[in-house]
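I have placed the structure first, in the form of structure tokens, so that the comments after it can refer back to it.
What follows draws every value from the coordinates through simple rules; no lab data is involved. It should be emphasised that the depicted structure is a prediction, and the values quoted were computed from it without experimental measurement. Don't worry about glycine lacking a Cβ; one is built from the backbone with ideal geometry, like all the others, and counts go over all protein chains shown.
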Amino acid sequence: MAILADQHVHSHHSGDSTERMEAVAERAVRLGMTDLCFTDHNDFDYPDVGDPRVTPTTFCLDTDAYYREYLDLRAHYAGRISLQYGVELGLQPQLAGENRAFAASKPFDLIIASIHVANRRDPYYPSFYEGRTEEEAMREMLEATLENISLYDDFDVLGHLDYIIRYFPSGRQTMDMTPFSGLLDDILRLLILRGQGLDLNTAPLWKKGYPEMNPSRQILTRYRELGGRIVTFGSDAHQAEHVGDAFDLAEKLAVESGFTEYAVFRNRKPDMRKLTSVS
Ligand SMILES: [Zn+2]
Ligand SMILES: [Zn+2]
């Protein structure tokens, strides 16, 4: 494996994971990684999605407990792997102020901004798609993404852009993004203008066997054409066994999209590393 940093992993500090942080770190060490960034969920004010397991605070992070455990682990693994302290921060328009205070509350190495909710509804659930086409659902997510990143800018990479493809009721694995090119360009140009990057999320590759990561090559190629350079790789593992999953394929997809480097974040700053050229 040539990509030696997984920068999107979850632990029991996330509302949807029970994994021990140490197990995640141990797995990364076994894989020979040089860097691992924990990015547990913080989504304030989660809407009622009709799921009894989810309350408004299910995805609220106890940053003190999370930071203490991280510091212990970082000391324990010193010299073996560089561990980083990050967060996957859920954006909603009404949360810009609250998220800004949250981002400043701890010395994060990396902030991934993710849009898990559009207009108080979560595309994870089939009800999101009722009475409309998947294209219409995609457009709503992209519009919500543009609105959210216009209102809130304190983050480093945009999480899993186009990930609603994973949840399409039809089971289709790809979508032609040409109809959304104006909207996508607005999103990508804003990121580039601010020096922000894209989280290359391998979950659809390893979890579902899909041919594309999030975002797809079509989007990645456009980000590159417009001058974007910053990409991070993340498995989005919620269990230790999935750390680094599908990174070889992800590297190939990134190289095919025109990238020669990837970023490893420390103290909110990207350190660029070379991608191995893939034939
Ligand atoms: Zn996410
Ligand atoms: Zn995640």
(request) Starting from 0 in steps of 5 Å, tell me what percent of the Cα-Cα pairs of the stretch 225-279 lands in each bin. (result) 4, 18, 25, 23, 20, 9, 2, 0
(request) Calculate the dipole size of the chain relative to its Cα centre from +1 charges on Lys and Arg beta carbons and -1 charges on Asp and Glu beta carbons; express the result in debye to the nearest 20. (result) 720
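Just how large is the dipole of the stretch 34-120 about the Cα centre, in debye to the nearest 20, putting +1 at every Lys and Arg Cβ and -1 at every Asp and Glu Cβ?
On the way: 7 positive and 13 negative charges, 36 e Å.
Taking the Cα centre of the stretch 34-120 as origin, the dipole is about 180 debye.
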(request) May I ask which residue of Ile149, Leu191, Ser17 lies farthest towards the positive end of the charge dipole of the chain, with charges of +1 (Lys, Arg) and -1 (Asp, Glu) on Cβ and the Cα centre as origin? (result) Leu191
(request) Could you list which residues have their amide H under 5 Å from that of Phe265, counting only those 5 or more apart in sequence or on another chain, with H placed in the peptide plane? (result) Asp271
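Which helices of the chain meet both criteria: a Cα extent of 27 Å or more along the helical axis and a mean Kyte-Doolittle score no lower than 0.0, with helices taken as whole DSSP H segments?
none
Once the mean 1/r over all distinct Cα pairs of the stretch 1-72 is inverted, what Kirkwood radius in angstroms do you read off? Walk me through the numbers on the way to the answer.
Working: mean 1/r = 0.0744 Å⁻¹.
In the stretch 1-72 this quantity evaluates to 13.4 Å.
Over the stretch 5-274, what number does the Rg to Rh ratio reach, with both radii from the alpha-carbon atoms and Rh per Kirkwood? Mind showing how you got there, number by number?
Working: Rg = 17.3 Å, Rh = 18.6 Å.
Using Cα coordinates only, the ratio equals 0.93.
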(request) In Å and from the alpha-carbon atoms only, list the Rg and Dmax of the stretch 131-206. (result) 12.9, 38
(message) With just the Cα atoms defining each centre, how far is the stretch 53-70 from the stretch 85-133? Give it in Å.
(response) 14
(message) Below 17 Å, Cα to Cα, which aspartates and glutamates can Lys274 reach? Residues fewer than 8 away in the same chain don't count.
(response) Asp6, Asp35, Asp199, Asp248, Glu251, Glu256, Glu261
(request) Could you give the spread of the C-alpha atoms of the stretch 95-144 along their three principal axes, from largest to smallest, in whole angstroms? (result) 43, 18, 18
(request) Would you kindly work out the equivalent ellipsoid of the stretch 195-266 from its C-alpha gyration tensor and give its semi-axes, the square roots of five times the eigenvalues, largest first in whole Å? (result) 20, 14, 9
(request) Take the Cα radius of gyration of the stretch 1-134 and divide it by 2.2 N^0.38 Å, with N its residue count; two decimals is plenty. (result) 1.16
